[in-house]
Amino acid sequence: MNQDVLYDAIVVGTGISGGWAAKELCEQGLKTLVLERGPMVKHIADYKTMNDDPWDYPLKGELSKEELKNYSVQRRLSWAPKEDVKHFFVNDLEHPYVETKRFDWIRGYHVGGRSLTWGRQSYRWSDIDFEANKKEGIGVDWPVRYKDISPWYDKVEEYIGVSGEKLGLKQLPDGKFQPPMDLHCAEVDLKNAMQEKFDDGRLLTIGRVAHITDKAGNFEGRNPCQYRNRCWRGCPFGGYFSSNSSTLPAAERTGNMTLRPNSIVHEVLYDEDSKRATGVRVIDRETHETLAFKAKVIFLCASAMASVGILLQSKSKRFPNGLGNDSDALGRGIMDHHYKLGATAKVEGHLDKYYKGRRPNGFYIPRFVNLNDKTKREDYLRGFGYQGGASRQDWTSAVAELGYGQSLKDHILEPGGWQIGATGFGEFLPYDDNRVRLSHDKKDQWGLPQLDFDVEFKENEYRMREAMVQEIMAMFAAAGFKDIKPFEETTGPGLGIHEMGGARMGRDPKTSVLNENNQIHAVSNVYVTDGAFMTSASCVNPSLTYMAFTARAAAHAARNFKAGKFS
């Protein structure tokens, strides 16, 4: 590629945020270079396991002991990587990092990033979330409120297709929804019991998920969900939203996008005279060649921790501690969501009922604590929700039974009883001493400093975790479920795969990195719109919010570009 070309914009990363930045900037007429550190993944053509079955693999999809050595961190997730999806997760031996304190960093380096493997749960923030830091005197105040983001939520939801049920909740604003998926009968039992036996407003709904359910919709080559539940392999129907099936093709259709995979961006170039960024420095992943590309506007969407790492490496006389780091907030306030804790139970009855297809979704219980005086808790701040599901047990329920011959054959062909489970997702407070730095002595294979994580749960988080387990057990008991079993796996922050923070937005350049438009305070032509910009975490999945903020920031950048403010 010609390094003398001056692009209108450069987008770093092709995941949830990068795809949206590319789409919006290209549709606004900006000639945009999109850089991805991993290899190309073409929609459909490169979903090599999309139709595989467990018996297509020697170990029924499990990795061999030898292969497991390559995924020591990624396997902390338990459900991935396996044979059908390992190519969408990093090899940990090839991509090391430092854990001063345990941090479970789950990553995928390829075009589309984690938009191919995300859980697709899509929830709006409310002013309860945007105002919490200010009201409680924690961290810094968000420079925006719900009214600023609401129209961008509308835009994103209508484009990606989010199915769900309107509830009229203050803490979980309704959106522009496709028809909701159905609850299973055991989930309806829990829903009814919660409404009858609790007086604090708690309720259960089907998850709001980025899957097309309306056959009449027009989604530019995407088709409704086929209920295969093989989403993490890449969907050939485009039933769920990903960069590969949606935003990147939209950017490509404009003729304004140049996509370069295998491009490891490690520095934003800064000009002391103009006080603007002039481009990025890149290492070719395969050849290790050093390159530099120029543009008038830079969007960092490499994923939260990667974007923070790029900014920390972008040093100059003006910014000796990282680009835009006048506040010393860069790398601080790292957050995630609680995960891997909740409860399971058995549900009696409904043996005459089953469900059609493999629903790629579950139920959702929205936050119901610390919303008002009635729901206030004295032992912890903020709140949590639950994601779960009910299903019929499979043939493995017959393994422990005494049986043989025809009776055993008949038994294993029938589904077992109903079971139900729920996992809590709770808010993680922003602490300045939860931070990521550049390692002083450890480098990766491209000679770049590894990220060093010093992040931990603190007292508020541990108290909330106790409550999350207790509350779901109480709800299961209220529904009359049996054999209720709590679970809480040992994890570090990061395993929720909602890592965020490190380049927070704020009103004051002395305490934040970005302004209300996602621009670096002191370098106005650099925008950061992945999870790094988050000032607090809420308790809902963040991807919809990343997309809304990215669309808003891209519109702002395009207006300023056309007005000549970045010339």
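The values are calculated or read from the model by the stated rules, or taken from the named source; none is laboratory data. All of these numbers come straight from a predicted model, not from anything done at the bench. In this analysis, Cβ positions are derived from the backbone assuming ideal geometry, glycine residues included, and neighbour counts consider all displayed protein chains. Just so you know, the surface numbers come from the protein's heavy atoms only, side chains and all, with ligands and any DNA or RNA stripped out. Shrake-Rupley method; radii C 1.70, N 1.55, O 1.52, S 1.80 Å.
Of 117, 205, 213, 100, which residue is more than 23 Å from the chain's Cα centre (by Cα) and of a type in the set (Val, Ile, Thr)?
Result: 100 is the single residue among 117, 205, 213, 100 that is more than 23 Å from the chain's Cα centre (by Cα) and of a type in the set (Val, Ile, Thr).
Only residues that are surrounded by fewer than 23 Cβ atoms within 10 Å (Cβ to Cβ), in a strand (DSSP E or B) and not basic (Lys, Arg): list them for the stretch 438-456, please.
438, 439, 440, 441, 449, 450, 452, 454
Among 333, 342, 349, which is the only one that is touching a helix residue (DSSP H, G or I) at 6+ places or on another chain (Cβ under 8 Å) and of a type outside the set (Ser, Thr, Tyr)?
One residue alone meets the criteria, 342.
Conditions first: (1) buried (at least 19 other Cβ atoms within 10 Å of the Cβ); (2) under 22 Å from residue 109 (Cα atoms). Residue 295 passes all but one, so which condition is the exception?
For residue 295, the exception is condition (2).
Being acidic (Asp, Glu) and either in a loop (DSSP other than H, G, I, E, B) or surrounded by 15 or more Cβ atoms within 10 Å (Cβ to Cβ) (or both) is the filter here; which residues of the stretch 457-511 pass it?
Scanning the stretch 457-511 gives 461, 471, 488, 489, 499, 508.
In the stretch 270-290, how many are touching a strand residue (DSSP E or B) at 6+ places or on another chain (Cβ under 8 Å), over 16 Å from residue 449 (Cα atoms) and touching a residue at least 24 places away in the same chain (Cβ under 8 Å)?
Result for the stretch 270-290: 6.
Of everything in the stretch 78-104, what is in a loop (DSSP other than H, G, I, E, B), open to solvent by 10 Å² or more (accessible area, probe 1.4 Å), at pLDDT 95 or above and hydrophobic (A, V, I, L, M, F, W, C)? Give them in sequence order.
If the condition is that a residue be in a loop (DSSP other than H, G, I, E, B), open to solvent by 10 Å² or more (accessible area, probe 1.4 Å), at pLDDT 95 or above and hydrophobic (A, V, I, L, M, F, W, C), then 89, 93 are the ones that fit.
Here's the yes/no breakdown for (1) over 23 Å from residue 385 (Cα atoms); (2) not in a loop (DSSP other than H, G, I, E, B):
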position	(1), (2)
108	yes, no
114	no, yes
124	no, no
129	no, yes
142	no, no
152	yes, yes
168	no, no
171	no, no
182	no, no
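Tally up the residues in the stretch 420-437 that are in contact with a helix residue (DSSP H, G or I) (Cβ under 8 Å, 6 or more places away or on another chain) and either farther than 14 Å from residue 330 by Cβ or part of a loop (DSSP other than H, G, I, E, B) (or both), please.
Count: 8.
Name the residues in the stretch 36-60 that are farther than 13 Å from residue 234 by Cβ, in a loop (DSSP other than H, G, I, E, B) and among the aromatic types (Phe, Trp, Tyr), would you?
57
Here are some conditions: (1) under 19 Å from the mean Cα position of the chain (by Cα); (2) at positive phi. Residue 137 meets all but one. Which one does it not meet?
(1)
Residue 278 - would you say it is over 30 Å from residue 464 (Cα atoms), in contact with an Asp or Glu (Cβ under 7 Å, 6 or more places away or on another chain) and β-branched (Val, Ile, Thr)?
Answer is yes for this residue.
From the set of residues in the stretch 523-564 that are of a type in the set (A, V, I, L, M, F, W, C) and without any contact (Cβ under 8 Å) to a residue 60 or more places away in the chain, which is most open to solvent (accessible area, probe 1.4 Å)?
563
Residue pairs, Cβ under 9 Å, 6 or more apart or interchain, first in the stretch 46-69 and on the phi < 0 side of the Ramachandran plot, second open to solvent by 70 Å² or more (accessible area, probe 1.4 Å) and not aliphatic (A, V, I, L, M). List them.
Close Cβ pairs satisfying both conditions: 49/56; 54/60; 64/58; 68/62.
What's the total number of residues in the stretch 53-71 that are loosely packed, with under 15 Cβ neighbours inside 10 Å and not basic (Lys, Arg)?
Of the residues in that region, 10 qualify.
Any idea which residue in the stretch 332-366 is least open to solvent (accessible area, probe 1.4 Å), counting only those that are under 17 Å from residue 461 (Cα atoms) and in contact with a Leu (Cβ under 7 Å, 6 or more places away or on another chain)?
Going through the qualifying residues, I end up with 340.
The rows are residues; the columns are (1) in contact with a Gly (Cβ under 8 Å, 6 or more places away or on another chain); (2) without any contact (Cβ under 8 Å) to a residue 24 or more places away in the chain.
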site	(1), (2)
416	no, no
422	yes, no
443	no, yes
454	no, no
460	no, no
466	no, yes
472	yes, no
487	yes, no
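Looking at the stretch 214-231, which of its residues are open to solvent by 40 Å² or more (accessible area, probe 1.4 Å) and touching a strand residue (DSSP E or B) at 6+ places or on another chain (Cβ under 8 Å)?
Listed by number, the list holds a single entry, 214.
Do you know which residues across the stretch 232-274 are in a strand (DSSP E or B) and open to solvent by 10 Å² or more (accessible area, probe 1.4 Å)?
Selection gives 257, 258, 259, 260, 265, 266, 267, 269, 270, 271.
Could you check how many residues of the stretch 367-391 are surrounded by 13 or more Cβ atoms within 10 Å (Cβ to Cβ) and part of a loop (DSSP other than H, G, I, E, B)?
11
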